[in-house]
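**Q** So that we are looking at the same thing, I have put the structure below in structure tokens.
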């Protein structure tokens, strides 16, 4: 692989990092015309997006930075399976704290469903990572694509464009991780399978 391909794959890895998925997905759904624009007042939208950013991006990112400074992890990419345990545990805890904070609010169920899907996917990724390295990128984006499909089927929303975009991105991140030699093919495909399986399970019980 030449330097251009490697550089492009690294850009894809960072731009579509799984830590960004809940925030990007919720922000996108809120912007869709004729679906969510009248559900929440603007003040509540800003509060909701801000608190999602805090618990799903800021807290996990700060914890990773602290771990990096104390040399608990060698890089932010965490290619070594053993380096992922603590950051994943922190992220899972932060996601669950977010759900607890939102439990008594009037946030529309579709957003809570998306956050539950993200939390369960992350938790399963943590458990699998204890024994086998799995692509968290493909798990996250594969789970999002399945979640959007589930929302469309269950609630009758037309989410064709977000679904197509999430499927394309899930393919791109799989390509990027393979090009970087960050994962074997089995680890990439297992991410997709696990992400979709978690959402199928959630769709039947939540």
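Every read-out reported here was derived from the displayed coordinates using simple, explicitly stated rules and does not represent laboratory data. This one's a predicted model, so the numbers in the text were calculated from it and none came from an experiment. No Cβ is skipped: glycine too gets one built from the backbone with ideal geometry, and neighbour counts run over all protein chains shown.
**Q** Determine the relative contact order of the chain: mean sequence separation of Cα pairs under 8 Å and six or more apart, normalised by residue count, in whole percent.
**A** Normalised by residue count, the contact order of the chain is 27 percent.
**Q** Compare 70, 120, 55 in a GNM of the chain, Cα atoms joined below 10 Å, and give the one with the largest fluctuation.
**A** In this elastic network of the chain, the residue with the biggest mean-square fluctuation among 70, 120, 55 is 70.
**Q** In degrees, nearest 10, range 0 to 90: what is the angle between the Cα axis of helix 185-205 and the longest Cα principal axis of the chain?
**A** On a 0 to 90 degree scale, this one is about 20.
**Q** Taking the structure as given and computing Rg and Dmax of the Cα atoms in Å, which label from [x] 16.8, 52; [y] 19.3, 69; [z] 19.8, 74 fits?
**A** Label [x] holds the value from this structure.
**Q** Same structure, new question: Quick one: angle between helix 85-102 and the longest Cα principal axis of the chain, in degrees between 0 and 90, rounded to 10, please.
**A** Its long axis makes an angle of about 10 degrees.
**Q** State, as an integer percentage, the relative contact order of region 133-205 based on alpha-carbon contacts under 8 Å between residues 6 or more apart.
**A** So the answer I get is 54 percent.
**Q** Considering only 154, 84, 177, give the residue with the highest GNM mean-square fluctuation for the chain, with springs between Cα atoms whenever their separation is below 10 Å.
**A** Between 154, 84, 177, it is 154 that shows the largest mean-square fluctuation.
**Q** Tilt of helix 21-31 relative to the longest C-alpha principal axis of the chain, in degrees (0 to 90, nearest 10)?
**A** Computed tilt is about 30 degrees.
**Q** Considering Cα pairs under 8 angstrom that are at least six residues apart, work out the relative contact order of region 84-206 and quote it in whole percent.
**A** Reported as a whole number, the value is 32 percent.
**Q** Using a 10 Å cut-off around each Cβ, can you sort 98, 54, 153 from fewest to most neighbouring Cβ atoms?
**A** In increasing order of surrounding Cβ atoms, one gets 153, 54, 98.
**Q** Going by how many other beta carbons lie within 10 Å of each one, how would you line up 173, 193, fewest first?
**A** 193, 173
**Q** From the alpha carbon gyration tensor of region 59-135, can you work out the equivalent ellipsoid semi-axes (sqrt of 5 times each eigenvalue) and give them in Å, largest to smallest?
**A** Output for region 59-135: semi-axes of 26, 15, 8 Å.
**Q** Calculated from DSSP H runs of 4 or more alone, at -39500 (n - 2.57) each and per residue, what is the 222 nm mean residue ellipticity of the chain, nearest 500?
**A** Calculated at 222 nm, the ellipticity per residue is -24000 deg cm²/dmol.
**Q** Sticking with this structure for a sec: With 10 angstrom as the radius, rank 14, 192 by how many other C-beta atoms surround their C-beta, starting from the fewest.
**A** In increasing order of surrounding Cβ atoms, one gets 14, 192.
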